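Q: Structure in structure tokens, see below.
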Amino acid sequence: METFRFRFLRALFVFALASSSVFASDPSPLQDFCVAINDPNDAVFVNGKFCKDPKLATADDFFFSGLNICKNTTNPVGSTVTPVNVVQIPGLNTLGISLVRIDYAPNGGLNPPHTHPRATEILVVMEGTLYVGFITSNPDNRLITKVLNQGDVFVFPVGLVHFQFNVGKCNAVAIAAMSSQNPGVIALANAVFGSNPSINPDVLSKAFKLDRNMAKNLQSNF
Ligand SMILES: *[C@@H]1O[C@H](CO)[C@@H](O)[C@H](O)[C@H]1NC(C)=O
């Protein structure tokens, strides 16, 4: 019978190991799977989650249903992202992969410029026509774009700013896979103009070459 103290020290040790190296993507699993749980009793801490006792794992730990469902895109940007990551499927813990479904409204539904700090994305268009692109890092900031139709696939490399825009007259739908169980999202406009608390408008005015009132105005839109 392990004492609590031993379990705690072991958890601490595993955590220290996991955080001592820096990975460009999720670390490779050291076991078949590590179904994430919230209760730390009888568990070790790996990759930010406690693992369920493998003997107690069930099919539902690896299951999600509903990615066929069309989502409502009536919102200011005209798109809705449905995530399927370690939050929805605890069995994805430590496996370095996840999915999203993205619905785009007709005539201009936009998944606005954003980055995933921890994942490369590979997207397949299930329905509709999307103008997509990403921008390379400094100093080139080269825009790489393509118009995609049903069945087309495009890659957004890890960390780079990218977007998708529905240029068709019908709904568009895409499914994208990500090379992380928890890719993270930074929506540029929301992060910069909608931070909490707000950034000093002088910073935004200078950074974006904007009149100070214009900067404040943009902030008030978020
Ligand atoms: C979609 O969302 C909008 C805004 O929240 C709402 O007004 C509308 O009723 C929704 N449509 C459907 C079909 O649920």
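The values are calculated or read from the model by the stated rules, or taken from the named source; none is laboratory data. Just so you know, these numbers come straight off a predicted model, no measurement behind them. Methodologically, a virtual Cβ is constructed for each residue, glycine included, from the backbone with ideal geometry; neighbour enumeration extends over all protein chains shown. All accessible areas refer to the heavy atoms of the entire protein, side chains included, with ligands and DNA or RNA removed. Shrake-Rupley method; radii C 1.70, N 1.55, O 1.52, S 1.80 Å.
Q: Whole number in Å², please: accessible area per residue of the chain, 1.4 Å probe, ligands, DNA and RNA not counted.
A: 60 Å²
Q: Provide the net charge surrounding Asn38, with neighbours chosen by a C-beta distance below 11 Å and charges set as Lys +1, Arg +1, Asp -1, Glu -1.
A: Result for the local shell: +1.
Q: Which angle between 0 and 90 degrees, to the nearest 10, do you get for helix 4-20 versus the longest principal axis of the chain when only C-alpha atoms count?
A: 40 degrees
Q: Moving on to the next point. Which of the chymotrypsin sites (Phe, Trp or Tyr not before Pro) across the range 44-121 are loop residues per DSSP, with 16 or fewer other Cβ within 10 Å?
A: Phe63, Phe64
Q: Also, I was wondering about something else. Kindly rank 194-205, 84-95, 105-116 from highest to lowest mean number of other beta carbons found within 10 Å of each residue.
A: Answer by packing, highest mean first, reads 84-95, 105-116, 194-205.
Q: Cross-chain or 8 or more residues apart, Cα under 26 Å: how many lysine pairs in the chain fit that? Count them up, please.
A: Within the chain, the lysine pair count is 4.
Q: Follow-up question, since we're still on this one. Over the chain, what portion of Cα pair distances is larger than 31 Å, expressed as a whole percent?
A: Everything past 31 Å amounts to 36 percent.
Q: Asn149 to Asn72: FRET efficiency via 1/(1 + (r/R0)^6), r the Cβ-Cβ distance, R0 41 Å, to the nearest 0.05?
A: My answer for the efficiency is 0.95.
Q: Next question, about the same structure. Run through the range 121-204 and list the trypsin sites (Lys or Arg not before Pro) located in a DSSP loop whose Cβ has at most 13 other Cβ atoms within 10 Å.
A: For trypsin sites (Lys or Arg not before Pro) across the range 121-204 that sit outside H, G, I, E and B with at most 13 neighbouring Cβ atoms in 10 Å, the list reads Arg142, Lys169.
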